[in-house]
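Encoded as structure tokens, the structure appears first; notes follow it.
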4 protein chains.
Amino acid sequence: MKEISEKLREFNEEREWGQFHTPENLSKSISIEAGELLECFQWNNNYDSAAVCEELADVTMYCIMLADRINVDLKEEILKKIKVNSEKYPVSKSKGNSIKYSNFGD
Amino acid sequence: MKEISEKLREFNEEREWGQFHTPENLSKSISIEAGELLECFQWNNNYDSAAVCEELADVTMYCIMLADRINVDLKEEILKKIKVNSEKYPVSKSKGNSIKYSNFGD
Amino acid sequence: MKEISEKLREFNEEREWGQFHTPENLSKSISIEAGELLECFQWNNNYDSAAVCEELADVTMYCIMLADRINVDLKEEILKKIKVNSEKYPVSKSKGNSIKYSNFGD
Amino acid sequence: MKEISEKLREFNEEREWGQFHTPENLSKSISIEAGELLECFQWNNNYDSAAVCEELADVTMYCIMLADRINVDLKEEILKKIKVNSEKYPVSKSKGNSIKYSNFGD
């Protein structure tokens, strides 16, 4: 992740693109690219693997750039979130179903 | 990235969630979480840092899970894409502007 | 709205596209087109009016098609929602601010 | 559509919300609400009808507000777009398939 982050920073610095990469603009970009990824699955499941890879790379690149922009260690954030999710979705309640935690009965 | 990927796989296997994680459903999930991230910037730029981190982690987790699901090395894909972008956006044409490559005049 | 709805139904019937227009696929399409609309504002506010109009028409068309597909009177639903919002966001609490109702203090 | 448009304008004027409703912010809002609509179909097709209606109303309301904000007759735009699509997707090429026009062979 760190290696990619540095490569992206270098790429953007060469082009003086930092001025466009506000947290807000990067968040918009993530949504835009997520839409392009979803387009690979718009009408059916016979997706074009190369197109999916490319769009997935785009979304993830913007995620890494946003983390870099707001000085966040993305790996740490994900590990934290997995821990939170382990508590929100205990195996005993979540095994084999996709029920949202807010809909768990008591 | 590999470490996170394995942690996520373990988390999902314990819950038998693989059945829900088709490439299509993961792509939808990336769009959904991208929308939640964008909500942090809906009306202004005074964003809640903790909320942004959490939503950013969510988007990225689903990206890593999708790469894992379709057996793609996400790091490799991103490095490939940076190379493609270097050619699409040469420094000479892109320095200091945000013009899309398809709008470069000749 | 009804006139458009009928025109769209006719357009789709001629092409036998009803088979693709499940509620799920139409919802994906709304997200995809919303991303294309957002792309008009990706890096700045100097938007191309014609492009915005076209993408906005796309999003709205899919909304009308989804309402038609699940037999819902979209106008009624919107009027209902405005009423709900009037109660969630009373003028006394919301005038001049963009605070989410869940963040209203007591 | 005009009736809804006026009701929304009145609702927003009472709350002095026009200041937040820039074309960009409304476009973000459309993407955000489209994500919430998509969430109704995240893992399967057993959707909650009431939730779908509510989210669909939200997306459409923001579409109508954006059209109003940029002084566009949304109905006219949609009728124009249907005409464009009729030419892009002639019945002879599109009947019974979901192929994108850019992928039509010759």
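The values are calculated or read from the model by the stated rules, or taken from the named source; none is laboratory data. These numbers were taken from a predicted model, which means no experiment stands behind them. Here Cβ is always computed from backbone atoms with ideal geometry, including for glycine, and neighbour counts include all displayed protein chains. Note: accessible area is taken over every heavy atom of the protein model, side chains too, but ligands, DNA and RNA are not part of it. Shrake-Rupley method; radii C 1.70, N 1.55, O 1.52, S 1.80 Å.
Looking only at residues of the range D:8-22 that are touching a residue at least 12 places away in the same chain (Cβ under 8 Å) and within 11 Å of chain B (Cβ to nearest Cβ), we find that the one that is farthest from C:I78 (Cα to Cα) is D:T22. Across the range D:63-106, what is the number of residues that are under 16 Å from D:S5 (Cβ atoms) and open to solvent by less than 40 Å² (accessible area, probe 1.4 Å)? Total meeting the criteria: 10.
Residues are listed down the side, and each one gets a yes or a no for (1) in a helix (DSSP H, G or I); (2) more than 14 Å from the chain's Cα centre (by Cα):
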| residue | (1), (2) |
| --- | --- |
| A:L66 | yes, no |
| A:I78 | yes, no |
| A:K83 | yes, yes |
| A:S86 | yes, yes |
| A:I99 | no, yes |
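Sub-8 Å Cβ pairs linking a first residue in the range A:64-92 that is within 16 Å of B:V59 (Cα to Cα) to a second residue that is modelled with pLDDT of 95 or more and basic (K, R), at least 6 apart or interchain, are A:D68/A:R9; A:L79/B:K7; A:I82/B:K7, ordered by first then second residue. Taking (1) out of contact with any Leu (no Cβ under 8 Å at 6 or more places or on another chain); (2) within 13 Å of chain B (Cβ to nearest Cβ); (3) among the aliphatic types (A, V, I, L, M) in turn, D:L79 satisfies each apart from (2). Of all residues in the range B:51-62, those being surrounded by fewer than 21 Cβ atoms within 10 Å (Cβ to Cβ) and within 14 Å of chain C (Cβ to nearest Cβ) number 1.
Every test in (1) among the basic types (K, R); (2) surrounded by fewer than 18 Cβ atoms within 10 Å (Cβ to Cβ); (3) touching a Leu at 6+ places or on another chain (Cβ under 8 Å) is passed by A:K2 save one, and that test is (3). Sub-6 Å Cβ pairs linking a first residue in the range D:26-40 that is of a type in the set (K, R) to a second residue that is open to solvent by less than 10 Å² (accessible area, probe 1.4 Å), at least 6 apart or interchain, are D:K28/B:L38, ordered by first then second residue. Would you confirm, using the coordinates I've provided, whether C:I32 is modelled with pLDDT of 95 or more, more than 28 Å from B:I30 (Cβ to Cβ) and open to solvent by less than 20 Å² (accessible area, probe 1.4 Å)? No.
Every test in (1) more than 19 Å from the chain's Cα centre (by Cα); (2) away from chain D (no Cβ under 14 Å) is passed by B:S5 save one, and that test is (1).
The listed residues are B:N46, B:N71, B:N85, B:N25, and the only one of them that is within 14 Å of chain D (Cβ to nearest Cβ), over 25 Å from D:N45 (Cα atoms), out of contact with any His (no Cβ under 8 Å at 6 or more places or on another chain) and not aromatic (F, W, Y) turns out to be B:N46.
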